[in-house]
1. Which value in Å is the Kirkwood Rh of the range 417-524 over different Cα pairs?
2. With +1 assigned to the C-beta of every Lys and Arg and -1 to the C-beta of every Asp and Glu, and no other charges, what is the dipole magnitude of the range 310-443 about the Cα centre in debye, to the nearest 20?
3. Report the local net charge at Ile482: Lys and Arg +1, Asp and Glu -1, summed over other residues whose C-beta lies under 15 Å from its C-beta.
4. I want the antiparallel fraction of DSSP beta bridges within the chain, as a percent rounded to 5.
5. Taking the range 175-317 as the region of interest, what is the percent of Cα-Cα pairs per 5 angstrom bin, listed from the shortest bin to the one with the maximum distance?
6. Write down the radius of gyration of the chain and its Dmax, each obtained from C-alpha positions, in Å.
7. At R0 = 22 Å, how high is the FRET efficiency between Ala347 and Lys470 if r is their beta carbon distance? Nearest 0.05 is fine.
8. To two decimal places, what compactness ratio does the range 471-512 give when its Cα radius of gyration is scaled by 2.2 N^0.38 Å?
Amino acid sequence: MNKKQLITSVVVYVAMASAMAQVNTQYTPRLVVGITIDQLRSDYLESFAPLYGDGGFRKLLSMGQVYSNVQYASKDIDRASAIASIVTGSVPYNHGIIGEDWMDRATLQPRHCVDDQAYKGVNTSDCSSAKNLLVSTIGDELKIATEGKGIVFSVAPNREEAILAAGHASDWAMWIDTETGHWAGTTYYGSAPSWFNHLDLVTNLGGRIAEMEWKPTNEFIGAFNYYLATSQKSFTHTFDNIKGIQQFKRSALVNEEITRAASYCLSSGLGGLDDVTDFVSLCYYAGNWDGKSLSETTTELQDTYKRLDAEIEKLLNTIDQLVGLDKTLVYLTSTGCEPNLETTTLAKYHIPTGDFAINRCAALLNMYLVAMYGNGQYVEAFYGNQIYLNHKLLEQKQLKLSEVLAHCEDFLFQFSGVRDVFTSTRMIQGAWTPGISSVRNGYNPKCSGDITIQVVPGWNLVNEDRGSTKMQRDSFFEFPLIFYGYNLQPQKVSAPVTVDCIAPTIAHHIRIRAPNGCNTAPLF
């Protein structure tokens with residue numbers, strides 16, 4: 001090779017290297033922001049549009065890629081299992097979070113999904129970790145791919161939201177402690193960073209909440225009415241000294257705290273300031289005020305969406321100023337669930353209804369098994385709509401679990417209000433019947449019961465021992481999935497998708513592996 005050819009080769013090589021470097025920085029977002037809004041509904045999001053400004057929901061809906069037909073792939077989702085499904089791209093059968101709480105077979109006591117006595121709380125008495133989350137998350141895979149250089153943190157009103165969204169390898173997860181109002185964390189993620197301590201010192205709710213009031217944002221809130229046969233009224237809510245923080249976290253005002261904390265973190269240099277992608281997860285609230293029924297709080301809900309729109313606008317403006325929205329990939333979706341706040345007596349309107357008492361059912365089932373197999377406590381525990389059998393007793397009596405469950409299934413089908421009975425054998429073997437796939441996706445062999453009972457829609461699942469009542473509803477819950485920023489082109493997509501596509505889509509665009517429990521293809 002002569003000198004001229006050598007110089008030419010070097011120039012070409014340098015040009016190619018420069019081009020590759022430009023590709024890497026141009027086509028990989030510096031920051032990913034995941035926004036999950038608890039109980040966000042598409043019908044409210046669209047119907048309250050006259051209350052919005054131009055920089056929040058309207059911007060996302062008009063300039064983002066909007067998927068309007070979105071569902072979870074599993075039944076009986078709550079906010080814990082929903083967030084775990086979003087960040088893992090999987091379902092409870094794989095990721096292990098079947099709900100906020102489940103029955104611990106070892107202690108026969110309910111167990112919270114992130115409880116872990118091995119790790120102390122920071123500014124809280126709650127000891128927590130993500131160890132019950134059985135697979136990796138988007139943030140975990142980002143940490144692995146960048147050898148720990150990518151920053152991952154999470155901000156949420158509640159600890160299960162913060163910890164599950166953060167995953168196992170996060171730099172920090174923070175939430176508002178219900179007892180004190182302090183920003184809280186866990187030693188599972190190491191020592192509390194200095195910026196966190198300063199933020200809590202400046203913004204903790206403990207010293208402020210007694211003077212806080214929630215009133216309508218403006219006069220248009222009361223004038224606008226989306227609901228049928230419901231008169232709008234003004235309101236002023238203060239926060240009770242005993243349960244004030246808990247009430248606050250179920251009000252529109254909590255979203256201001258989330259945005260304030262997230263903006264503080266980002267402005268402290270915790271995301272999007274170099275070419276290594278960072279990930280921030282935020283959880284907001286769009287449910288009813290203080291767990292009350294919708295008929296009691298229609299004005300509050302409209303004001304919640306108005307205020308939430310303003311917080312989304314503030315967040316987007318902060319990101320644009322600090323990082324640039326063209327260098328940021330944002331996704332927004334909902335937990336896809338709402339608490340049971342039914343107050344109408346269906347019988348008043350001649351709609352079929354009734355009560356199914358799980359405690360009575362469990363007692364009768366145990367009597368039936370005693371009659372078949374002899375004395376013993378065959379039913380070990382029950383929780384929610386699940387029954388746990390005594391496996392040790394079955395082993396002592398040399399009884400096959402599958403045969404006992406088959407008899408249980410036949411017996412339970414005779415109860416009024418029972419629509420279907422799913423045994424663990426049926427779940428694991430995957431014996432097909434209509435609708436079993438979504439039920440199986442919400443089941444996990446390590447923490448679910450041996451028997452799951454589905455009651456008829458309109459019937460109440462009652463636990464007289466705990467004083468709880470939950471009305472069964474199978475209504476379609478409509479919520480959106482929006483991708484925005486990162487030079488994405490506006491698009492409306494009506495084809496059905498499930499939320500487990502979020503994680504692989506994000507992973508594809510930041511050039512990392514999808515979480516290890518995810519087998520869903522990216523969306524675009």
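1. That comes to 17.5 Å for the range 417-524.
2. 440
3. It works out to a net charge of 0.
4. In the chain, approximately 50 percent of DSSP beta bridges are antiparallel ones.
5. That works out to 2, 9, 16, 20, 18, 14, 9, 6, 4, 2, 0, in percent per bin.
6. 25.2, 97
7. Working from the Cβ atoms, E equals 0.80.
8. With N residues counted in the range 471-512, Rg over 2.2 N^0.38 Å equals 1.54.
The values are calculated or read from the model by the stated rules, or taken from the named source; none is laboratory data. It should be emphasised that the depicted structure is a prediction, and the values quoted were computed from it without experimental measurement. Quick reminder, even Gly has a Cβ in these numbers, built from the backbone with ideal geometry, and neighbours come from all protein chains shown. Side chains are part of the model used for accessible areas, which takes the heavy atoms of the whole protein and leaves out ligands, DNA and RNA. Shrake-Rupley method; radii C 1.70, N 1.55, O 1.52, S 1.80 Å.
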